[in-house]
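The structure appears right after this line, and notes come after that.
The values are calculated or read from the model by the stated rules, or taken from the named source; none is laboratory data. Fair warning: this is a prediction, and the values are worked out from it, not measured in the lab. Cβ coordinates were reconstructed from backbone atoms using ideal geometry, including for glycine residues, and neighbour counts include every protein chain displayed. When the accessible area is computed, the model is the full protein with side chains, heavy atoms only, and any ligands, DNA or RNA have been set aside. Shrake-Rupley method; radii C 1.70, N 1.55, O 1.52, S 1.80 Å.
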Amino acid sequence: MAERRAINKYYPPDWDPSQGSTNAYVGQHPLRDRARKLDEGILIVRFELPFSIWCGGCNGLLATGLRFNAEKKKAGSYYSTLIWSFRMKCRECSHWFEIRTNPKDSAYDVVDGARKKAEPEDLEDDNDEMGVKIVDLSQVDESDKHSLLHELEVSEARKQRAIQAAERLSTLQM
């Protein structure tokens, strides 16, 4: 029976084309079991992990490329682009986790139930969210440390002079 369902060529003996499609006649959705939650706005899709994550339930590593049967639903929109939510279970502990699309950054975000594994390519960026350069002093030799600290002192002195000049200008304008 399953092989007949896969190629969709089985016609029941009491069906005729005037009754509509065979799916309507049998009372089944064309997507079959994948559409069982369609009335809730959820479609079951096959989802492949775009990066490695740590499960929040068992702390197990789920590697890049693992495939899951995920519940796909609309979570919102960014301008005119839809944000999709993919909810799936961990293979080890059956803990639910959720990943959403992020059209602003053209990426995926782990929303709930897991955390993204820090990858070396994610750590290549030397700037934090504010655009400030991050320097690890333990990996810098002594001569460079002095020059970095000197640059910091010079920039602080410039800021202080700018503040003092602004205060002096404000007193002169009064």
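Tabulated data for the structure shown
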quantity: Shape parameters for region 1-110, alpha-carbon atoms, Rg then Dmax in Å; calculated: 18.6, 56
quantity: Sequence-distant residues sharing a close amide H with residue 114 (under 5 Å, placed H); calculated: 56, 98
quantity: Heavy-atom accessible area per residue - region 29-113, 1.4 Å, Å²; calculated: 62 Å²
quantity: Evaluated over region 46-114, the Cα radius of gyration and Dmax, each in Å; calculated: 12.0, 37
quantity: Whole-percent carbon and sulfur share, accessible surface of region 46-106, 1.4 Å; calculated: 43 percent
quantity: For region 35-43, 3J(HN,Hα) per residue [Karplus equation, 6.51 cos²θ - 1.76 cosθ + 1.60, θ = phi - 60°, Hz, x = Gly/Pro]; calculated: 9, 5, 10, 5, 5, 8, x, 10, 10
quantity: Amide H within-cut-off set for residue 52, under 5 Å, with H built and near neighbours excluded; calculated: 64, 117
quantity: Rough spin-label spacing in nm, given labels placed 7 Å along Cα→Cβ, for residue 166 and residue 104; calculated: 2.8 nm
quantity: Extension gain from residue 22 to residue 78, taking 0.36 nm per residue of separation minus the Cα-Cα distance; calculated: 16.2 nm
quantity: Fraction of alpha-carbon pairs over 17 Å apart in region 18-68 - percent; calculated: 59 percent
